[in-house]
């Protein structure tokens, strides 16, 4: 379903998917992480899958999706209104909101070291790198730490066509970001549910960690 939506959005599927990250053979991969069955598995998973931490990730991911949708919604009148009135302030503000929400999600993912968070962070960075030229034209760049910077002078100096290419309704970056935000939100929600349902009052695991792995692979089988 996600692949169909991406093709409809005009986004070519990438060779690297969220499923690839999940099935990575590295020792710190999600498969490796969830397959460890040691006496300390309960405390390890508890630390990595804290409900509060994933709630923050879900909220920030939802914000990314909502801000991207301001541009990808075919009913959006942002550019039509700006061209009619000559006032582009709403567009500038919404672009800044996209950057801010991206940075907040990226920073939140980085607060906890886990394979799940790492793969989500990588997908965000890949979306920027694949659209670096169009984003650079409006003053947006990927910093060394993985966050985004924005040159507001360059943003405001960009003409309408340049702005539309980067953030119009056909913007590949905004569409890809919206897909990633939605998937990260679903992933965080799945982990919240797993933590909630997997532990008894005594703290013992009540379900196999394979259940979460199955859930991840069934939900994330396409780009982003």
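Return only the number of the condition from (1) in a helix (DSSP H, G or I); (2) in contact (Cβ under 8 Å) with a residue 60 or more places away in the chain; (3) surrounded by fewer than 17 Cβ atoms within 10 Å (Cβ to Cβ) that residue 174 does not satisfy.
Status for residue 174: all satisfied but (3).
Would it be correct to say that residue 76 is within 26 Å of residue 189 (Cβ to Cβ) and in a loop (DSSP other than H, G, I, E, B)?
No.
Assess whether residue 68 counts as being modelled with pLDDT of 85 or more, in a helix (DSSP H, G or I), crowded, with 18+ Cβ neighbours inside 10 Å and touching a helix residue (DSSP H, G or I) at 6+ places or on another chain (Cβ under 7 Å). First the steps, then the outcome.
Working: modelled with pLDDT of 85 or more: yes; in a helix (DSSP H, G or I): yes; crowded, with 18+ Cβ neighbours inside 10 Å: yes; touching a helix residue (DSSP H, G or I) at 6+ places or on another chain (Cβ under 7 Å): yes.
Answer is yes for this residue.
Yes or no: the stretch 112-120 includes at least one residue that is within 22 Å of residue 69 (Cβ to Cβ) and at pLDDT 95 or above.
No, the conditions are met nowhere in the stretch 112-120.
Residues that are more than 14 Å from the chain's Cα centre (by Cα): find the helices (runs of 4 or more DSSP H) completely inside the stretch 79-159 holding 3 or more of those.
By residue number, 89-110, 132-136, 152-157.
Within the stretch 79-92, identify whether any single residue is within 21 Å of residue 166 (Cα to Cα) and in contact with a strand residue (DSSP E or B) (Cβ under 9 Å, 6 or more places away or on another chain), and answer yes or no.
no
Tell me the residue from 196, 169 that is at pLDDT below 95 and not in a helix (DSSP H, G or I), please.
169 is the lone residue from the list that is at pLDDT below 95 and not in a helix (DSSP H, G or I).
The values are calculated or read from the model by the stated rules, or taken from the named source; none is laboratory data. A quick note: this is a predicted structure, and the numbers were derived from the prediction, not measured. All Cβ positions, glycine included, derive from the backbone under ideal geometry; neighbour counts span all protein chains shown.
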